[in-house]
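Taking it in order: structure first as structure tokens, then the write-up.
The values are calculated or read from the model by the stated rules, or taken from the named source; none is laboratory data. Being a predicted model, the structure only gives us computed values, none of them experimental. Note that we place each Cβ from the backbone using ideal geometry, even for glycine, and neighbour counts take in every protein chain shown.
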Amino acid sequence: MERHKTNNYSNKRMKEYSIHGVPFVIVHEPDYSKVNPEEVIQRVEDMIPARLVDGLDGFYMAHLKEFDELNRNAVFKDNTIYITNEQDDFKDMLDDIVHELAHFTEIKFQDHIYGDGEIRDHFINKRYNLYNNLTSAGYDCDKQAFLKVDFNPNLDVFFHEEVGYSKLRGHLGGFPSPYSAVSLREYYAVVFTDYFCYDREEACRKCPEVCDKIHSLLGEE
């Protein structure tokens with residue numbers, strides 16, 4: 001499963017693993033006292049079907065400059081998943097990988113996931129509930145911003161800084177977490193991650209329309 005190689009990413013030798021044949025390259029090594037990447041990689045391969053990984057160019061564990069600039073731990077871009085080597089533990093690394101895999105699947109299976117508008121409609125309904133809850137609690141909310149599904153940096157700041165995630169948890173209106181309310185894409189990715197990594201039954205109770213799509217991707221319709 002592991003081999004050492006040199007490529008054009010760096011002139012140093014790197015550890016390379018794979019998930020269903022997709023390369024997973026460790027460019028910057030983590031603190032092994034906190035997490036063993038091989039164990040996490042094996043867990044991902046065990047629980048995520050090959051169909052949901054097929055077509056991805058690769059995974060890289062490397063601390064990108066944008067992680068510090070944007071306060072992020074992982075990103076899916078250019079058909080590749082990048083995760084920081086600064087991981088707290090097994091759970092932290094697993095969450096990062098699966099969350100970004102969710103973003104890959106929503107691109108690969110975009111029509112299947114979003115084509116009928118079911119997830120979008122549920123997201124908008126939950127946003128409307130959240131808007132009503134926050135308005136009732138005395139917050140000055142931009143209704144039009146709440147009814148749009150794309151990421152809005154101003155709304156993100158409102159949720160995270162003006163309201164605060166700890167207080168937002170009391171007004172979620174059906175969202176599984178504060179971060180899942182920031183955009184349609186993050187809503188799907190959070191539920192996908194909850195489904196595979198955490199409480200599947202609870203994820204499907206709160207967001208059955210997303211779980212229905214995941215079940216169909218898994219051939220469990």
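Computed quantities for the displayed model
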item: First in segment 15-34 and over 18 Å from V98 (Cα atoms), second anywhere and in a strand (DSSP E or B) and of a type outside the set (A, V, I, L, M), Cβ under 7 Å, 6 or more apart; result: K15/H4; E16/R3; E16/K5; E16/P23; E16/F24; V27/S10; V27/Y60
item: Some residue of segment 151-173 being of a type in the set (A, V, I, L, M), within 30 Å of E45 (Cβ to Cβ) and not in a loop (DSSP other than H, G, I, E, B); result: no
item: Single residue of V182, V190, V149 found to be in contact with a Pro (Cβ under 7 Å, 6 or more places away or on another chain), among the β-branched types (V, I, T), at pLDDT 95 or above and within 22 Å of K206 (Cα to Cα); result: V190
item: Any hit, segment 122-137, residues being touching a helix residue (DSSP H, G or I) at 6+ places or on another chain (Cβ under 9 Å), loosely packed, with under 15 Cβ neighbours inside 10 Å and without any contact (Cβ under 8 Å) to a residue 24 or more places away in the chain; result: yes
item: Residues of segment 120-148 satisfying the condition of being touching a Phe, Trp or Tyr at 6+ places or on another chain (Cβ under 6 Å), within 15 Å of Y187 (Cα to Cα) and not basic (K, R); result: F123, F146
item: Subset of segment 196-208 (residues that are surrounded by fewer than 18 Cβ atoms within 10 Å (Cβ to Cβ) and in a helix (DSSP H, G or I)); result: R200, E201, E202, R205, P208
item: Test set (1) closer than 19 Å to L94 by Cβ; (2) surrounded by fewer than 17 Cβ atoms within 10 Å (Cβ to Cβ); (3) within 17 Å of the chain's Cα centre (by Cα) - L218 fails condition number; result: (3)
item: Residue in segment 142-160 that is of a type in the set (D, E, K, R), more than 15 Å from A102 (Cβ to Cβ) and touching an Asp or Glu at 6+ places or on another chain (Cβ under 9 Å) present; result: no
item: Total residues in segment 16-34, condition more than 21 Å from A189 (Cα to Cα) and in a strand (DSSP E or B); result: 6
